[in-house]
Amino acid sequence: MVSFGHGSSLQEDQNVLIDQSKDKRRLSKWREYGSTGGDSTGDTCPTCHGIGRIPRGQENQLVAVIPCSDQRLRPRHTKLYVSISVAVCLLTCALILFFLFPRSMTLSPVINTSVLVYFTPSTVEMKVTNVLNITNENFVSVQAHDMDLQALIWDTVVGKIKISNVTTVPPRSEKLITVEIPITIEDIGLNGYCKSVHIRIHTLFLHLQMTMKVFYLGHSEQLSMDTFQYIDCGTNSTIPRPT
């Protein structure tokens, strides 16, 4: 008798050998984990388990290793970008220094607008009105405050005035302020000189000393000025007198 069971068993063994040969050829295309050549000696890659593909769902959990010779690690125009960045930074710093660098403030006399004279039995009272100019060379506003002004005749103080809040000067501009100085002359000789009807000219040499504080760009600065004027203490005068 002929046994057919033996033939079917042989056919199954051949099919198994063919499947194993296909698997080997498919896996031989991928290098095993740890191998550097074409040989298959080494450990199986724990990421893809030897199949050469990343399992789905693990794309955001894995890190790709890029060789140092990869062009993505060598961006083009690097020197150009660095040079442009440095130039922009230097230009920005230069502009900041140019606009915010503190510049000088100037306090100067403009004109003596009027002198009003009042006689009392023992004194001569006067009100001297002056126009002052404050020049701001900065690119920011400047606050002027605490102005101290005193008037002297022959080194004798005859009048004082203090103004706490003077004015605010806009950037790159000038501003005029009017100051009225009260003067009292108590000296007997000067009283007789100013009240004498036999003297046609009653001129006095007035010395004005001024100090003023200005605040800008986070710091305070003090301005000072001395000016000399001729005033007539004999009669009222509203004629402008240049300093």
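Observations on the model:
- Using θ = phi - 60° in the Karplus curve 6.51 cos²θ - 1.76 cosθ + 1.60, the 3J(HN,Hα) couplings for region 109-124 round to x, 10, 7, 9, 7, 7, 9, 9, 10, 10, 9, 10, x, 10, 9, 10 Hz; x is entered for Gly and Pro.
- A simple spin-label model places pseudo-atoms 7 Å from Cα toward Cβ; at residue 84 and residue 217 they are separated by 3.2 nm.
- The H on the amide N of residue 234, modeled in the peptide plane, is under 5 Å from the matching H of 202, each at least 5 residues off or on a different chain.
- For region 126-148, the residues whose amide N sits under 18 Å from a probe point set 7 Å from the Cα of residue 154 along the beta carbon direction are 126.
- What the phi angles of region 178-190 give under the Karplus curve with 6.51, -1.76 and 1.60, with θ = phi - 60°, is a coupling list of 10, 10, 10, 10, x, 10, 10, 9, 10, 4, 5, x, 5 Hz, glycine and proline written as x.
- For residue 181, distant residues with modelled amide H under 5 Å away: 128, 129, 130
- Lys-Lys pairs in region 105-242 that are eight or more residues apart or on separate chains and whose Cα atoms lie under 20 Å of each other come to 7.
- Using θ = phi - 60° in the Karplus curve 6.51 cos²θ - 1.76 cosθ + 1.60, the 3J(HN,Hα) couplings for region 75-87 round to x, 7, 6, 5, 5, 5, 5, 5, 5, 5, 5, 5, 5 Hz; x is entered for Gly and Pro.
Since every read-out is calculated from the coordinates, none of them should be taken as a lab result. Every value quoted in this text rests on a predicted model; they were computed, and no experiment measured them. Glycine also receives a Cβ, built like all others from the backbone with ideal geometry; neighbour counts cover every protein chain displayed.
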